[in-house]
Amino acid sequence: MAGPEPHERQRNRALLVGVTQYSSGRPLEVADDLGDIAAVRHNLDQLRQALHAGGVFDEDAIESLESPGLEKFESRLGHARDHTDGLLLVYFAGHGIVDTRTNSHGRLLLGLRDAKVEHGGPSFPGWVRWDDVLNRLCSGVRRPRRTVVILDCCYAGNAAGAWEELDEQDQERIALLLAVQKNQRIDAGDPATPTPYTAELVRFLTRGVGGSGGPVGLGALQEGLAARLGDRQTVGRKRWSPQACHKDTATVEILARPPEPGEGGTSPQGAKTGAAAEAATGARTVRETGIPTVPPPRRRRLILAALVTAVTAALATTLWWLLTGDPKGEGPAASCANHPPLELRVLTDPDLLPATRKAADGFVASQANTDEHHCRRTGVTVYSAGAAETVEAFRTQYGEWAHVGRAGFNPVGTVGPQPDVWIPASSAGARRAQDEAGNQSSVLTLDPDNKPLAYAPMVLLLPEQLAENAGARTGRTLAELMTAMKARNQQAEVRRPDPALTDAGLAAALGLYRTDAPRTVERGQRRQGRPAPTGRDLVCALARGNSAEERAADRRTAALVAEPTLAQYRSCVGETGVTRVAEYPDDVPALDPVFVHVRWNGARRDESDREAAVRRFHDWLTSDDGRKTFQGEALRSTPQSPLPSPPAGPPAGPGPLPRALTADEASDTLEKHRQATAASRVSFLLDSSGSMSRWWDGPNGAREILKQSLSRFGPDDTFGVWSVASAASDPPYRELLPFGTHGSWSRTADKSEQDKAADAGRKIDAATPQMNLEADIGGALRAALDRMPRGDEDDGHPQLVVLLTDDEDNDRLNASQQNDLLSFVRNRKVPVTMVSFDSGGCLKDRLDLRVAEASGGTCLDGRGDLAKGLDAEIAQVAQGRQ
């Protein structure tokens, strides 16, 4: 058997996390069969023994955490990351769920000890977001050579989405083994044995993939797991299909080296193998008989090797004593391990995530972060969240952030954990957040630095064939540059990122609203598809188009993005053969990211240490070394400085930096965006067939959910409600509320508007299930979509169809009819929100999810809080109010 590769002599480590017990006996009130998992205890025991016996991980480098809370989990995960030079194995077994709320896109949540779901709001106390776990593994400067994450939980396949969003460097370093495909649940099996996936995992680690020992590589292990479990079914009766995410270079990563036949035994109970076992056997023989046996030649060589290793280690320890005077032989590494660094949480704008991570890594590795014992003082975890949601959380929802678990809006679920530092891409965001939160000294204090960390103008990143000559790419307004672009191609278009997610998207929206009416601008943006989250996502999506239509769109589309996007574009350029250059509109405000110290007053016992760590981080970021990090990511150090590391294309002198975005401009632009994207025409379809009777009444019943959604609308909004239940020969619906305006539920509205709203509420209350009728879901959807204006009748206002159903009648459509319906929905280009009272309505291959995806809409099902989920959907389209 081949010896270990040189890199395997580095320190390898394994962190095994298994949640066997939950503080709440039923952590998920929406699912009766989810509670404690006795089998997971066997997972931890047998996996630990298998890894130890496998020879890749030393026994003292395998840590087991049984049912940890959130703080302990995050602390040990950071410690494992920072103290591993070679291979880091992270294993999780427990409950997994997906977040189906607006903008969450089925993101995975892992249930720790205190996990539960509260019906009072879309909050998930005690759960950790998989995206946050992945962010933590990508942070830090002493990162492992490679990290392998194994997830044995329901919906494990949903972890793939966040991995696919990593940059190529992080994808090379991090590999995933996922117990099941996306949107599927799996059974924990017999409580007296490990869970099925981990049982097979242990089997391969202890016997080899072929059953005859030998190295167990990552790629072969995945193939073996897929083959062994492929004949089983998931809870949803789908073929069980374990998944993996990794680059090709990770397939040869060795996780265990079980002995081949004749090399000594191995077992999941942790029996010694190879030289260690034989050395132990020889020693026992001496103790028991007093006469050492004479082993065969091969055994003598193995025993001699073991003795040489032991003597070498003893000499090394003695030499350490002589040089350092450390009688315990601990040394700096052991001493630092006894005093783990304090972990700072840094929240930033999605566009700034790559730059902020690199800056954090530089600080962690710097002398400024090293104490007198040469130990690191501080670790840093960097994560991002939507700019508008972050500002709103700081402005008005700080109480819920400080007291996780309260009903209502939960910033932990939408933004992330409480940050110590916030780095918005614009100082305008910091000023807006202070409008209300700045005076709430009993809970939260925001302390922004007035001097920006860096600067970035907005640029029009456009195909070279549509660009002006180099001398005409600066000193002109956006409208002038767009006019010149259209002169070269009348079909040329300008796209921008989502204004609600990034400050760059917000600045771009402001610039475009100066060229045309906001509703006209947003209508054009909607024609081009859903807005991209970041500038890099936007330009790379254009560059990676495969179809002829997508390649043509890349050739005629410009992107209004922050200047650093031009450098990021290098990673995806060339796939469609389009070269992009930058033009600099002088009337679009620039970005100026700032450092904001976030103080949670009286909330932390280590407040003084945390204050000092934040100051050190700030001082390093504002030093020459810190500013060089941002310059390396194509951000400018001063408003007058030239473009750092210029890629091909931009002019040599882009001109003076435009002024920064102001707080008033940001607020005004967001309001215009909300009004321009307000839904003035929404069609509600209420399944009123007999099977809906069990979902009809009560606070989470269909009628109350519908009425709560209607309360979001104002006096100028247009909507209607249909009852969907009919006999075979009748129309598929009857009208409960005609299309039109139906007043306002607002207490500030005049009495006539309140009376109209009350009358609408009474009509909904009067609706009842039709016990002898069925729901023609396909017919009702077609009719609703046909009534939506199109062509010359379309006034540019967003349109939406909402269907509330229990899915009981979906099976009335055969496969051909379903495909015809999906084709019709896709061609109409009107978003459909599917609200399913069935807890599996939004699982993969279900009709509800397929309709939502085909239309560009959203799918909500009984696994989440339907009332809150639909309320959030309507809030985004109802006249810009939230």
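The values are calculated or read from the model by the stated rules, or taken from the named source; none is laboratory data. Quick caveat, the model's predicted, so the values are computed rather than measured. All Cβ positions, glycine included, derive from the backbone under ideal geometry; neighbour counts span all protein chains shown.
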Looking only at region 759-770, and only at residues there that are among the aliphatic types (A, V, I, L, M) and surrounded by 12 or more Cβ atoms within 10 Å (Cβ to Cβ), the one that is nearest to Gly690 (Cα to Cα): Ala767
Leading residue by the ranking (surrounded by the fewest Cβ atoms within 10 Å (Cβ to Cβ)) among those in region 851-862 that are on the phi < 0 side of the Ramachandran plot and in a loop (DSSP other than H, G, I, E, B): Gly857
Test result for Gly189, surrounded by fewer than 20 Cβ atoms within 10 Å (Cβ to Cβ) and touching a Pro at 6+ places or on another chain (Cβ under 8 Å): yes
Residue, modelled with the lowest pLDDT, within region 799-820, restricted to residues that are polar (S, T, N, Q), over 18 Å from Ser723 (Cα atoms) and not in a loop (DSSP other than H, G, I, E, B): Gln799
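Here's the yes/no breakdown for (1) within 26 Å of the chain's Cα centre (by Cα); (2) under 30 Å from Asp85 (Cβ atoms); (3) at pLDDT 75 or above; (4) not assigned by TED's automatic domain parsing to the domain that holds Pro258:
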position: Gly3; (1), (2), (3), (4): no, yes, no, yes
position: Pro6; (1), (2), (3), (4): no, yes, no, yes
position: Val17; (1), (2), (3), (4): yes, yes, yes, no
position: Thr20; (1), (2), (3), (4): yes, no, yes, no
position: Pro27; (1), (2), (3), (4): yes, no, no, no
position: Ala31; (1), (2), (3), (4): yes, no, no, no
position: Leu34; (1), (2), (3), (4): yes, no, no, no
position: Ala39; (1), (2), (3), (4): no, no, yes, no
Residue that is surrounded by 24 or more Cβ atoms within 10 Å (Cβ to Cβ) and either farther than 15 Å from Leu706 by Cα or at pLDDT below 85 (or both), where the choices are Asp871, Asp865, Asp838, Asp848: Asp848
Region 530-545: number of residues that are touching a residue at least 40 places away in the same chain (Cβ under 8 Å) and in a loop (DSSP other than H, G, I, E, B): 3
Residue that is touching a strand residue (DSSP E or B) at 6+ places or on another chain (Cβ under 8 Å) and part of a loop (DSSP other than H, G, I, E, B), where the choices are Leu453, Leu461, Leu446, Leu501: Leu453
Yes/no for Gln222 being polar (S, T, N, Q), surrounded by 19 or more Cβ atoms within 10 Å (Cβ to Cβ) and modelled with pLDDT of 90 or more: yes
Leu201 being part of a strand (DSSP E or B), in contact (Cβ under 8 Å) with a residue 40 or more places away in the chain and in the same structural domain as Ala227 (by TED's automatic domain parsing): no
Top-ranked residue in region 137-165 [being small (Gly, Ala, Ser) and within 17 Å of Val380 (Cβ to Cβ); ranked as modelled with the highest pLDDT]: Ser139
Residue in region 674-694 that is farthest from Ser744 (Cα to Cα), counting only those that are among the small types (Gly, Ala, Ser), outside any helix (DSSP H, G or I) and modelled with pLDDT of 75 or more: Ser689
All positions within region 396-435 that are assigned to a loop (DSSP other than H, G, I, E, B), at pLDDT below 70 and not polar (S, T, N, Q): His403, Val404, Gly405, Arg406, Ala407, Gly408, Phe409
Residue in region 515-524 that is in a loop (DSSP other than H, G, I, E, B) and under 29 Å from the mean Cα position of the chain (by Cα) present: no
Count - residues of region 737-758 that are part of a helix (DSSP H, G or I) and under 20 Å from Ser689 (Cα atoms): 0
Residue that is modelled with the lowest pLDDT [pool: residues in region 360-395 that are small (Gly, Ala, Ser), within 18 Å of Ala663 (Cβ to Cβ) and in a helix (DSSP H, G or I)]: Ala393
Any hit, region 74-82, residues being assigned to a loop (DSSP other than H, G, I, E, B), surrounded by fewer than 21 Cβ atoms within 10 Å (Cβ to Cβ), at pLDDT below 90 and not β-branched (Val, Ile, Thr): no
Which listed residue is among the small types (Gly, Ala, Ser) and either without any contact (Cβ under 8 Å) to a residue 24 or more places away in the chain or part of a helix (DSSP H, G or I) (or both), from Ala244, Ala192, Ala227: Ala227
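Conditions (1) surrounded by fewer than 16 Cβ atoms within 10 Å (Cβ to Cβ); (2) in contact (Cβ under 8 Å) with a residue 40 or more places away in the chain; (3) out of contact with any helix residue (DSSP H, G or I) (no Cβ under 8 Å at 6 or more places or on another chain); (4) in the same structural domain as Asp811 (by TED's automatic domain parsing), marked per residue:
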{"position": "Val682", "(1), (2), (3), (4)": "no, yes, no, yes"}
{"position": "Ser691", "(1), (2), (3), (4)": "no, yes, yes, yes"}
{"position": "Asp717", "(1), (2), (3), (4)": "no, yes, yes, yes"}
{"position": "Ser723", "(1), (2), (3), (4)": "no, yes, yes, yes"}
{"position": "Lys751", "(1), (2), (3), (4)": "yes, no, yes, yes"}
{"position": "Gln754", "(1), (2), (3), (4)": "no, no, yes, yes"}
